[in-house]
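The values are calculated or read from the model by the stated rules, or taken from the named source; none is laboratory data. If you're wondering where the values come from, they're calculated on a predicted model, not measured in any experiment. Here the Cβ is made from the backbone with ideal geometry for all residues, glycine too, and neighbour counts use every protein chain on show. For accessibility, only protein heavy atoms count, side chains too; no ligands or nucleic acids. Shrake-Rupley method; radii C 1.70, N 1.55, O 1.52, S 1.80 Å.
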Amino acid sequence: MKTETAFFWINSSKIDCAGVGPMECLQIKRSETGAWENFYDRIEGFDFEPGFIYHIELTIDELNENTSPADKSKLKYTLVNTISKERDKKYFLNDIWAVTRIGELTIDKSTLQIPQLEISIKSMQIMGNDGCNNFRGSIEILNESMMKFGPIMSTKKLCLDMTIPNAFNANISDVRSFKRESLKLTLFDKDGVAIIECLKVD
């Protein structure tokens, strides 16, 4: 049996994937600057906790094909050492947020048109309601401070007052960075100007 040592970086959330059937996969990088890829096997001795990025040392054993089940991996992964386990700041964006301000427009709690923004780190998507229409889009860039959304698709209903929906849609595509402070999320444009403020939904 051939054994080699390897180092993985493991992302803070699992992702839906398809192996023998639908499943959830770890996301790994084999170098610090590499791209995330789906990992379909298990790592013996490794207990994954969402919300943390791991750097681990592990061994990879090449199993005997003649004695391994046909539907099982021919490689065995075993944790040797957890080099680091760091809280992923962007993971805690993963929630539903009620918009309280768009530019200079304050949204009163009594209004029936309160936009809501749901951020899904797992699927790298945003979705919600702009105060009138439902919308959905991708997250193109996301790190500890930067955020940029892809094209956003929405329904086309017209409401009696489109002031808030129009303001939301005019600003959401300009988001380039964010800051989270406790239950408050602020989104900024490329110049660092706060354009959307939100509060976490209970």
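Structure notes:
- A single member of 86, 62, 57, 37 is without any contact (Cβ under 8 Å) to a residue 24 or more places away in the chain and not basic (Lys, Arg), and it is 37.
- Pair list, Cβ < 7 Å and 6+ apart or interchain, from region 119-145 residues that are open to solvent by 30 Å² or more (accessible area, probe 1.4 Å) to residues that are modelled with pLDDT of 95 or more and of a type in the set (Lys, Arg): 125/136; 127/136; 140/148; 141/148
- Residue 102 being over 30 Å from residue 159 (Cβ atoms), in contact with a Phe, Trp or Tyr (Cβ under 6 Å, 6 or more places away or on another chain) and buried (at least 18 other Cβ atoms within 10 Å of the Cβ): no
- If the condition is being closer than 19 Å to residue 86 by Cβ, touching a strand residue (DSSP E or B) at 6+ places or on another chain (Cβ under 6 Å) and touching a residue at least 24 places away in the same chain (Cβ under 8 Å), then region 12-34 contributes 12, 14.
- Tally of residues being in a strand (DSSP E or B) and either free of Cβ contacts under 8 Å to residues at least 24 places away in the same chain or at positive phi (or both) across region 151-160: 2
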